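Remarks on the structure that follows.
The values are calculated or read from the model by the stated rules, or taken from the named source; none is laboratory data. These numbers were taken from a predicted model, which means no experiment stands behind them. In case anyone asks, the SASA skips ligands and DNA or RNA and just uses the protein heavy atoms, side chains included. Shrake-Rupley method; radii C 1.70, N 1.55, O 1.52, S 1.80 Å.
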Amino acid sequence: MRATVPQWLAARIPCISLRVDLCPYRADSFRYSTVTGRLVIVTATAIEEQAWNSVQMAEPVTQPRFRVWTYRDPAVVLGCSQRARHAEAAARLPPGMDVMVRPSGGGAVLTGPWMVSASVALPLAHPWVQGRLPDSYRELGQLHVEVLASLDVAARTLPEPDVPAANARLGPVVGWACYGSLAPWEVVDAAGRKLVGLAQRRQRTGVLLVAGTLATVPDWPLLCGALGHPEDAEAMSRRTVSCDVLAGRPWDVGLLARRLHAALEIALAR
């Protein structure tokens, strides 16, 4: 079975025409389980991550699929409504740094070595994505809370009724940035600062849930400068928190990625 993907993705990753159960990445991007032989972690670029997401959604999703991502290099990923800002953002970034527009909406995201992400493609009938749209985040958010707890990081999901008050406590939102405001069932610390951001994309073929955990402190001045809002860097720092800060120790990004992968494998096999 072959999937049709956008031309811009195919142009950036020539082998994107591979079957949907394969990954078009460099061989050194893979880590395999010595027990199952399955792919465990993918260290990739943001472009490769978005390519995998698009491939999964190009055909009907018949069973859950997921990937956990880590990143070697920083990149800016804009929401589709921010397409007009692509050229100006690219001009402000260091030479060679990627900036791209994803097919879904939402604010700008800065991926990089400080982040561990997960992409989860689900059939429309999967229990996680039944009911109201905000409720689709609940199980994935709670899974992250449990994974973080296993690493001695205390966090909680944010129920929908609590979102307005939580946003207000942290001061003015940064509307153009994904991590600049809070949404239902995202993961926060005791002070309400965002630790895990959630997003989703719904199509007739299935539902794609995406999560990004701030493992270490991101380079917010880099993102804010690229989008022409250097004054927002302080607000981004105030509204977010990372695992290393909460744990009070150097953070093992690879360990978080492995724990998250194991939890997703168990949860999605039920």
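For the range 167-270, with every protein chain kept in place, what is the accessible area per residue (1.4 Å probe, Å²)?
That works out to 40 Å² for each residue.
Show me, for the range 75-91, the HN-Hα J-couplings you get by feeding each phi into the Karplus relation (A = 6.51, B = -1.76, C = 1.60, θ = phi - 60°), rounded to Hz, glycine and proline as x.
Coupling constants for the range 75-91: 7, 9, 10, 8, x, 4, 6, 9, 3, 5, 9, 4, 5, 5, 5, 4, 5 Hz.
Over the range 121-270, consider all pairs of different Cα atoms and compute the Kirkwood hydrodynamic radius from their mean reciprocal separation; express it in Å, one decimal.
Over the range 121-270, the inverse of the mean reciprocal pair distance is 16.1 Å.
Using θ = phi - 60° and the Karplus curve 6.51 cos²θ - 1.76 cosθ + 1.60, what whole-Hz ³J(HN,Hα) does each residue of the range 158-164 get, with Gly and Pro shown as x?
Karplus values, whole Hz, x for Gly and Pro: 9, x, 3, x, 8, 4, x.
Build a GNM of the chain with springs between Cα atoms under 10 Å: which of P161, P60, P123 gets the top mean-square fluctuation?
Per the Cα network of the chain with a 10 Å cutoff, P161 tops the list.
Return P(r) of the chain (all Cα-Cα pairs; 5 Å bins starting at 0; whole %; ordered from short to long distances).
Distribution as computed: 1, 6, 13, 17, 20, 19, 14, 7, 3, 0 percent.
Can you compute the helix-only [θ] at 222 nm over the chain? Use -39500 (n - 2.57) per DSSP H run of at least 4 residues, normalise by all residues, nearest 500 deg cm²/dmol.
It lands at -8500 deg cm²/dmol.
Whole-Hz Karplus ³J(HN,Hα) for the range 101-110, in order, using 6.51 cos²θ - 1.76 cosθ + 1.60 and θ = phi - 60°, x for Gly and Pro?
10, 8, x, 9, x, x, x, 5, 10, 9
Whose amide H sits under 5 Å from the amide H of G107, counting only residues 5 or more places off or on another chain, with H placed in the peptide plane?
Amide H neighbours of G107: C178.
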